[in-house]
Amino acid sequence: MKTKRILLTGATGFLGSHILKSLIKKKYDVIILKRSTSDTWRIKDLLKAIEYIDLDIHSLSEAFKSKHIDVVIHTACHYGRGDCLASNVIKTNVLFSLELLEAAVKYKTSYFFNTDSFFNSGVKVQGYLNYYTMSKRHFLDWLNIYSNKINIVNMSLQHVYGPADGGDKFAPWLLNEMLSDAELISLSDGTQKRDFIYVDDVVSAYLHLIENPNKKSFVEYNVGTGRLTTVKKFVNTMQSELEIQNQKKIKPKLGFGLLPLNKGEIKSVIVKPDGLLSAGWRPLIDLSAGIKKTVSITLSVLKKDPE
């Protein structure tokens, strides 16, 4: 089989950087989209092995003109946290995404992989995620419209965790807090149930589907382990693993129940990765192993770069 040429967005981010590493390891011909000002700390050692287009300097079409793109993997998104304007979220999650989709259609790309979230499940979510989910649902409508022109694979991700995630995400925030000198970590009661999936299993799902493509014009996959875990169990497992690897107790006390649940927070999710299982994919890393790998890699990085 000839080497597929893959265009990847969001390669400087958490999930995208892990996908990029695996694509290079599998010897795919990869081109990424970024900006000249992008923080490339996650992939700085990989840039020599790939092509990249800086979109603040070059047009999007240049990424498609040099060689035929077989597959687009779209992981770039804007979560709209803090005081971010809704218009900025729409620019990334709808307008740029639509421009990318139109380019893929124009240049006869075979497959467009879109990265979606379990929050985009028909449940109304309050707060900053409202902007995010509204924009992702809007783009999902466009994907359905364009599915008669290009094969769409919508990857609906459960709660992804692993090393090199952003500090504003739950798992790395929690780990940083446990490593701090704080007296107390304020938490909700932790009764929310999530399908925590290690990032390597998510990456393997993308690669499995690229190598075993579905012939349907539009297909959606729920990317999860199929197992629900309470947030409290996730926190306690991380505490235990950190204390084992650090060979000492964490200083902060875990304050379960000190924070109220967010308004409109989803208490439990529906976990049905049946489509992926039928396609021959299997998650290989359970919660204990995933947290162990996350803690180990994070501590190793901290020892090399204490700052």
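Numerical summary
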item	result
From GLY127, GLY122, GLY162, GLY167, residue being within 19 Å of the chain's Cα centre (by Cα) and at pLDDT below 95	GLY167
Some residue of region 67-82 being of a type in the set (D, E, K, R) and either in contact with a Gly (Cβ under 8 Å, 6 or more places away or on another chain) or without any contact (Cβ under 8 Å) to a residue 60 or more places away in the chain (or both)	no
Test: residue in region 225-236 that is touching a strand residue (DSSP E or B) at 6+ places or on another chain (Cβ under 9 Å), surrounded by 15 or more Cβ atoms within 10 Å (Cβ to Cβ) and modelled with pLDDT under 95	no
Unmet criterion (only one of (1) in contact with an Asp or Glu (Cβ under 8 Å, 6 or more places away or on another chain); (2) closer than 21 Å to VAL203 by Cα; (3) surrounded by fewer than 17 Cβ atoms within 10 Å (Cβ to Cβ); (4) charged (D, E, K, R)) for ARG5	(3)
Positions within region 23-73 being basic (Lys, Arg) and under 27 Å from ASN151 (Cβ atoms), in sequence order	LYS25, LYS26, LYS27, LYS34, LYS65, LYS67
Selection within region 130-149 - buried (at least 20 other Cβ atoms within 10 Å of the Cβ) and either more than 20 Å from the chain's Cα centre (by Cα) or modelled with pLDDT of 95 or more (or both)	PHE139, LEU143
Single unsatisfied condition, VAL89 versus (1) touching a His at 6+ places or on another chain (Cβ under 6 Å); (2) farther than 20 Å from LYS169 by Cα; (3) among the hydrophobic types (A, V, I, L, M, F, W, C)	(2)
First in region 272-286 and of a type in the set (Gly, Ala, Ser), second anywhere and modelled with pLDDT of 95 or more and surrounded by 13 or more Cβ atoms within 10 Å (Cβ to Cβ), Cβ under 6 Å, 6 or more apart	GLY275/TYR221
Those residues of region 86-118 which are at pLDDT below 95, within 19 Å of GLY16 (Cβ to Cβ) and in contact with a Phe, Trp or Tyr (Cβ under 7 Å, 6 or more places away or on another chain), in sequence order	VAL89
Tally, over region 9-31, of residues that are outside any loop (DSSP other than H, G, I, E, B) and under 18 Å from GLY166 (Cβ atoms)	9
Total residues in region 181-220, condition of a type outside the set (A, V, I, L, M) and farther than 20 Å from THR109 by Cα	16
Options ILE291, ILE270, ILE297; residue that is touching an Asp or Glu at 6+ places or on another chain (Cβ under 6 Å) and either buried (at least 16 other Cβ atoms within 10 Å of the Cβ) or under 28 Å from HIS208 (Cβ atoms) (or both)	ILE291
Condition met for LYS91 (within 17 Å of LYS136 (Cα to Cα), within 21 Å of the chain's Cα centre (by Cα), basic (Lys, Arg) and part of a helix (DSSP H, G or I))	yes
Subset of region 152-180 (residues that are of a type in the set (S, T, N, Q), assigned to a loop (DSSP other than H, G, I, E, B) and touching a strand residue (DSSP E or B) at 6+ places or on another chain (Cβ under 9 Å))	GLN158
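The values are calculated or read from the model by the stated rules, or taken from the named source; none is laboratory data. In this text the structure is predicted, and so the values were computed from the model without any measurement. Backbone-built Cβ (ideal geometry, glycine too); neighbour counts: all protein chains shown.
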